[in-house]
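Let me begin by presenting the structure, written as structure tokens, before commenting on it.
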């Protein structure tokens, strides 16, 4: 299997994990938010540690071949470029709904049930959430796809981390659409398809950058991917993890994620 096909499959898996969230929402009267808190903290730990301990050093090492003493400047500038670009995308995302916000209690679900007589409003909420997810997931897809193209071994924990944090996104799309339409099937399809932005972002980004690929672009891309993932971790995953459960649980997940990657890097 060539790298492009493998990258597309892995990125699609990460994006379509929104379907897992939809499946959970379909059968659960109350979402286990402590589990989500731990999981999202773990995802953040994986992303932060692999970005700073593997991607950024690898980028600088690659850039050093051609740029020598300027390699650090290029790598760190690219890292913060990734941060800034993701922040800009985050600023233009519709603010009606936090894409990572799950209805955390029976009270929240009851509120949605009460609003069943406003189906258009709920449907609009669900659709706007799906749009917000698509915009949020575009840079994630690029990060996942390019890392898989470069090194499937490094990409695998990134893919798993993104897949885990896409689960509550699937729930966030499913719930309002279900209560707007009364159709589990329609809500599941919307939720499942909202994850397609992940592979789409990867493929579009790849073809836009393909002609420029070489050692320099490889190093810049790895640095930008690191910046994208660190921003997502601090801006979305950790605050939401804390909101779902409690501070200590989200921090426990954070360090568990870091430990898992540290052990895997040491072994590999």
Would you mind listing how long segment 133-177 runs along its three principal axes, going by Cα atoms, in whole Å with the largest first? 38, 18, 9
By the C-alpha gyration tensor axes a ≥ b ≥ c (rounded if a/c is under 1.5, else prolate when a/b exceeds b/c, else oblate), the shape of segment 145-224 is prolate
Rounded if a/c is under 1.5, else prolate if a/b beats b/c, else oblate: with a ≥ b ≥ c from the C-alpha gyration tensor eigenvalues square-rooted, which is segment 128-268? oblate
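None of the figures in this text is laboratory data; all of them are computed from the coordinates on show. These numbers come from a predicted model, not from an experiment.
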